[in-house]
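Remarks on the structure that follows.
The values are calculated or read from the model by the stated rules, or taken from the named source; none is laboratory data. Predicted model only: the values in this text are computed from it and were never measured. Neighbour counts are summed over all protein chains in view; Cβ atoms, including those assigned to glycine, are modelled from backbone coordinates with ideal geometry. Quick note on the areas: whole protein, heavy atoms, side chains included, nothing else; ligands and nucleic acids left out. Shrake-Rupley method; radii C 1.70, N 1.55, O 1.52, S 1.80 Å.
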Amino acid sequence: MATTTPQAQPDQDSNRQRPANSEEEHPNLHESDEEMFAQLDSTVFKRFYYYASPYKKAMLIATLAVIGFTFANLAIPLIVKIGIDSAIREGNSSLLAIIAITLIAVAGFYWITNFLQNVLITRVALRVLYDIRADMFLQLQRLALSFSDKTPIGALMARMFGDVGALQEMLESSIEIVGDILTLLGIIVILLVLDFQLAIVTLAIVPALFLIRIIWQPIARRAFLRMRRNSSIVGVYLDQNVSGIRVVQALNRQSENHGIMGGKIHTFFWSTVRASRLGGILMPTVELMTGAALALVLIVGGGRVLSGAIEVGTMVAFLLYVQRFFEPIRTLTMHYAVLQRAVASGHRIFELLDIPLGIEDKPDAQPIGEVAGTVEFKNVTFGYDPERPILRNISFKAEPGQTIALVGPTGSGKTSITALAHRFYDVQEGSITIDGHDIRDVTQESIGGVMGMVLQEPFLFSKTVLENVRYNTVGATREDVVSACKVIGAHDFVMQLENGYDTTLEQRGSNLSIGQRQLLSFARALVADPKILVLDEATANIDSYTERIIQVALKKLLAGRTALVIAHRLSTIRTADKIIVVKDGEIIESGTHTELIGQDGLYAQLWQTNYTSFDDISGNADKLIGAPASST
Amino acid sequence: MCLVGRGSKFSSEVNLTSSTATNPNESQTERQRRSVRARLTDSGPTGSTVLWRITRLTFDYRWHFLLSILFAAITAVMSLFIPKLLGNGVDQAFTLFNDGAHTRSEIETLLRTTALLVMAVAALRGTTGFAQMFLGETLSQRVSNHLRLLYFDKLQVLSFSFHDRVHTGQLMSRGLSDIEGVRMFVQSGLVQVVRVSVMIIAAGVFMASIDWQLALLSLGFVPFMVYRSARLRLQLRTTWRKIQDALGDLTTTMQENLAGIRVVRAFSAQKYEEAKFDVTAKEVVELRMDAARAYARGGGSISFAFLIAWAVVLWVGGEKVIDGQLTVGELTEFFLYLALLRFPVRMILMMVNSTARASSAGGRIFEILDIPSEIADSAVARPLKVSEGVVRFDDVSFSYGDAPALQGISFEARPDHTIGIVGAPGSGKSSITNLIPRFYDPTTGSVSIDGTDLKDATVLSVRQAIGLVEQDPFLFDGSIRDNIRYGDVNASDETVIVAAKIAQIHDFIAGLPEGYDTELGERGVGLSGGQRQRVAIARTLVTNSPILVLDDSTSSVDAGTDARIRSALKKMTEGQTTIIIAHRISSLLHADEILVLDNGRIAERGTHDELLAMGGHYNQLWELQRGHGSEVLD
């Protein structure tokens, strides 16, 4: 029989815990380093092009600037050659002056085009990256929660920052890549024009260089891969220890951790040594090739000068160009690595962008408009994994203004019911309606307008109290916030904070107690003033003083609203209009407190055994009602 | 072998930093604390100080550093030999050719010899260049890894008040991208600066040996380059600092958005969040554009100045050739030198960028490293010897900032005298918890264990003596077993199981398919709040500390399990001193003395019955909690 093992509880009562057993049903976004060095792939470039196309004009100008820049760059040795051959050797001073001034003019042109290409390409690159990042952000906002449940925040952050950063690196170095390629082509053309024979002999070196690179590439790739993996291991360890600092210090793990970190860093270091050895080995090779090319120019070119086939100036130009020729080859090798990394990152970015939303508004979806607040579940069946339903055949109806208490052991499916009401997920069978409108037929945004939600573990942003309380409620004034806090009973402690309502909360509101955070999240819901409220009552982790305030606040918050409450406190449960007892994904009992006590079911038994909370009792509950012992 | 040496060196340095930071003067500590806050919002150490400190870090590897500099210099000189050889070759060949007295084969032999020399020098340059690059990169890795470990160690010892205040995202972005910025500087700034300067100076010398006037003219751009790049560095540094801060904000925004995604959804706040994201993301774009513009302007003008040098050499040098003061070969050599100087000019721009980034990134790292440890061993600190385990608070007052958190607290906890503490939130319960393991020092009064003031004992020994279980415990990625024996890695499986049994979590763990090897964390199983608390209790029990502090450590555990944990603990902790902080009176009913805190003071104290008889706060609280119970009963 399906007993609830802890891994099969996707409705763990906290947004910090992530059910982790069902990765197979979602695109796996965990780091897969093997992808890092994916082959250059045309589809990724097509996607880049899509993002770049709005900036066609800027790119056109930038390309022109790059061409102009390369032209100027290449013209300079040529001007020197002409200077030497036509003016200096002929003793023509006035021509020399003209040529020198031309050189200055070309330098000016070089300056302008260089500035233009840099600024324009950076601008396009930054805009493109901004667009991509914004799209990723948007995508994350829209994706069904089933996605974020299963994907570690760290992995998403790595995509938003690490991968977008890799793209940035590529886009910015793309100026240089284009420039380098143009320079290479330009030099080849110039050499061929200057002296065909000498050029052919000199360029014969190039294929050898490419051959060496082809052999080198796969070996170096593995080394770089290992380096990256070790680097991320170091990062993850750092993250863990910053987050768990209190435990580290309380348990004196510093020296132990120092050793572990030292070991990880040591491994990382040796992988960098290996990678840099492999990366650098190409350098002597390229240098030797350059030397060989220069030597060839000297011998063959010198011979041709002697036989009068070419001028000395031509040979000087050759020497200048050959030196330059190998520079782009060297930087292209560097850029190739950047390019590969960017393509791999591109894959991962687009992979994220391509995940189907899961939950989308229908094309003809309308805002739900004003509602009275009737919520009805009709024969709802649902599972995070459709094969394994968590909820089966759930039906109930909440009339406007009614409070429905959902009770049951951990893992019974209460949280899933509340998540479905807000359409965090779509049901597999049955339907959920608000005032008769199927929630799949109206816009998601409008559901948020009529339905508020208070989470068990209240999440506060590191903003001011004011901003947290009026979160997203358009037009809420400071007075609204203050009066809501007064109603809820949060005003007094807020005023005791350093800057009252303008106090900036620390990470996750850690400068407040859990009870205080709970009160602020109540106030937030009150300011939003929804017709329907979904509330996950905090478990017993609130001290009795605050708890009393919360009890009072809760009454005020629920007044006049339809409420679905995952209830843990008997007082809340007792005053509910209807109690729904959920176990193993099914409604086993429902009715008022008095009715249920009379039924002598699970509720009555729990009641009699004097539990102050329904939470965390799955094991005992099973024993109590004589169900087969679960694995707990 | 080398690693062991290195490791111990790191740790000794860490101790050094913390002990030098010790200052017994209270107001000094206070001022430091305030200044830390001020600095974290402003900027840390700046500019040249930062670069100097980074440079000093490389001195730890001075042979490595010197060797890479040596190879850099050799490479630079080698690079310059090539034009020299080419120039001489061309020149000699044409002198011979022009005087007509030599046969063609003689001249060709000469060219061939030169060609061979050029190849040899190129090969040599390639090898030394490789050595320089390899050494430079490994040096940069050593330095950055050293810094990484220092940073890691520092974060581990920094006080809780620091970690409360600084967002994890900020610390991570410093630990990852800023340290990388420093590394880039060591690799492409520090070592290359030698190469670049040697190249420029050597080129100057070579050129001057041909024609000093022309040499001066052709190097005329260097002072401008130095001035312009210095100015650019300053501009970029400020911009980089802003970029790094903005990126930190963006990271924080993103992280919070993802962590709070349910709130975002529940309030349909996607648009709001997008707007928030947009503001920061656009700011990053603008700042980066600023940097790009400054860079393009500075880089452009330097390149322009460099090309002017070409024109001048062509013009003036050409005139000199026409006047017969210079040969064509010599002029060729000049141009080859100039062609070689393209490299240092390009490098200088990269260096400016990496230097600017390093001075802001390094500033952000050193800012953290420089924060004095508020809690550090005094010079006379000795390991604490626990004989009985008597914890004594003697008229303790304490404040986090200006607001007093505790006033005049005195109590004594002994193995046979369990202390229970209750009170409203903000009444000072957690402050007491924080003072016992010396996470903070009291402002006045003293906390002592077996008569030794905690300030006179080493921090390590104090924390070893105390087993603390907190309300919202953090569990690490890793197996359940590793989590439970986190405080004592050598704990046997039996010890782990015994502890888990006491914490009433063994049955649950044993029921998991992989038992104690089940992975926890982002990629593992999620535990409920109560389960986390129970694992944390087991984790603390494994350390077998003589003093046990339970800070609301069973608040999410149901009452029945709580009772079982308590009775199991009672058996096991015979002879241990126990301090229980709880909001649930039933958890501390059996304490020998209960302190009721109100506003940082002890409002009432006594046994449960005595306190009830007083009819004060405690009684009120009892009624309140019993209220729930009575609802059940009626």
query = Considering only helices (runs of 4 or more DSSP H) fully contained in segment B:226-329, which possess at least 2 residues that are modelled with pLDDT of 85 or more, assigned by TED's automatic domain parsing to the domain that holds B:V166 and under 27 Å from B:L349 (Cβ atoms)?
reply = B:270-312
note = Filter segment B:122-151 for residues that are under 30 Å from B:V90 (Cβ atoms) and facing chain A (nearest Cβ under 7 Å); the one that is most open to solvent (accessible area, probe 1.4 Å) is B:T127
message = Here are the criteria: (1) buried (at least 21 other Cβ atoms within 10 Å of the Cβ); (2) modelled with pLDDT of 85 or more. Tell me which single one B:L216 does not satisfy.
response = (1)
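Okay, residues lined up against (1) more than 8 Å from every other protein chain (Cβ to nearest Cβ); (2) under 14 Å from B:I436 (Cα atoms); (3) more than 29 Å from the chain's Cα centre (by Cα):
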| position | (1), (2), (3) |
| --- | --- |
| B:A457 | yes, yes, no |
| B:Q471 | no, no, no |
| B:G487 | no, no, no |
| B:A491 | yes, no, yes |
| B:E494 | yes, no, yes |
| B:V498 | yes, no, yes |
| B:I505 | yes, no, yes |
remark   = Residue hits (segment A:544-567; in a helix (DSSP H, G or I), touching a residue at least 60 places away in the same chain (Cβ under 8 Å) and more than 14 Å from every other protein chain (Cβ to nearest Cβ)) are A:A553, A:K556, A:L557, A:L558
request  = Spot the failing condition for B:G575; the list is (1) surrounded by fewer than 22 Cβ atoms within 10 Å (Cβ to Cβ); (2) in contact with a Gly (Cβ under 9 Å, 6 or more places away or on another chain); (3) in a helix (DSSP H, G or I), and only one is missed.
outcome  = (3)
task = Identify, by number, the condition in (1) within 8 Å of chain A (Cβ to nearest Cβ); (2) touching a residue at least 40 places away in the same chain (Cβ under 8 Å) that B:A281 doesn't meet.
result = (2)
request  = Looking only at segment A:97-120, decide whether some residue is facing chain B (nearest Cβ under 7 Å) and touching an Asp or Glu at 6+ places or on another chain (Cβ under 7 Å).
outcome  = no
ask   = Could you say which residue among B:S197, B:S177, B:S173, B:S209 is in a helix (DSSP H, G or I) and buried (at least 21 other Cβ atoms within 10 Å of the Cβ)?
value = B:S173
Candidate set: segment A:310-326, residues that are under 56 Å from the mean Cα position of the chain (by Cα) and aliphatic (A, V, I, L, M); chosen: the one nearest to A:I181 (Cα to Cα) = A:V322
request  = With the condition kept exactly as written, say whether any residue in segment A:62-76 is outside any helix (DSSP H, G or I), more than 7 Å from chain B (Cβ to nearest Cβ), open to solvent by 20 Å² or more (accessible area, probe 1.4 Å) and without any contact (Cβ under 8 Å) to a residue 12 or more places away in the chain.
outcome  = no
ask   = Which of the following residues is under 23 Å from the mean Cα position of the chain (by Cα) and hydrophobic (A, V, I, L, M, F, W, C): A:V338, A:V375?
value = A:V338
ask   = Is it the case that segment B:426-438 has a residue that's touching a helix residue (DSSP H, G or I) at 6+ places or on another chain (Cβ under 6 Å), crowded, with 18+ Cβ neighbours inside 10 Å and β-branched (V, I, T)?
value = no
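I want to confirm something. Restricting to segment A:381-395 and keeping residues that are of a type outside the set (V, I, T) and in contact with a helix residue (DSSP H, G or I) (Cβ under 8 Å, 6 or more places away or on another chain), which single residue is most open to solvent (accessible area, probe 1.4 Å)?
If we take residues in segment A:381-395 being of a type outside the set (V, I, T) and in contact with a helix residue (DSSP H, G or I) (Cβ under 8 Å, 6 or more places away or on another chain), then A:R388 is most open to solvent (accessible area, probe 1.4 Å).
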task = Take segment B:437-466 and flag every residue that is closer than 14 Å to B:F398 by Cα and among the acidic types (D, E).
result = B:D441
Subset tally (residues that are within 7 Å of chain A (Cβ to nearest Cβ), more than 17 Å from A:V316 (Cβ to Cβ) and among the aromatic types (F, W, Y)) for segment B:302-343 = 1
request  = Find all pairs meeting these conditions: Cβ atoms under 7 angstrom apart; at least six residues apart or on different chains; first residue within segment B:589-616 and of a type in the set (S, T, N, Q); second residue surrounded by 16 or more Cβ atoms within 10 Å (Cβ to Cβ).
outcome  = B:N599/B:S427; B:T607/B:E593; B:T607/B:I594
request  = Could you check how many residues of segment A:365-380 are within 29 Å of A:G585 (Cα to Cα) and among the small types (G, A, S)?
outcome  = 2
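Residues are listed down the side, and each one gets a yes or a no for (1) open to solvent by less than 30 Å² (accessible area, probe 1.4 Å); (2) part of a helix (DSSP H, G or I); (3) more than 14 Å from every other protein chain (Cβ to nearest Cβ); (4) polar (S, T, N, Q):
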residue	(1), (2), (3), (4)
A:I417	yes, yes, yes, no
A:R423	yes, no, no, no
A:E445	no, yes, no, no
A:F461	yes, no, no, no
A:L466	yes, yes, yes, no
A:Y471	yes, no, no, no
A:V474	no, no, no, no
A:D480	no, yes, yes, no
A:K486	no, yes, yes, no
query = In the set A:I233, A:I265, A:I214, which member is open to solvent by 50 Å² or more (accessible area, probe 1.4 Å) and in contact with a Lys or Arg (Cβ under 9 Å, 6 or more places away or on another chain)?
reply = A:I233
ask   = Just one of the numbered conditions (1) in a helix (DSSP H, G or I); (2) facing chain B (nearest Cβ under 7 Å) is not true of A:N252; which one?
value = (1)
query = Hey, does segment B:72-83 have a residue that's open to solvent by less than 20 Å² (accessible area, probe 1.4 Å) and within 9 Å of chain A (Cβ to nearest Cβ)?
reply = yes
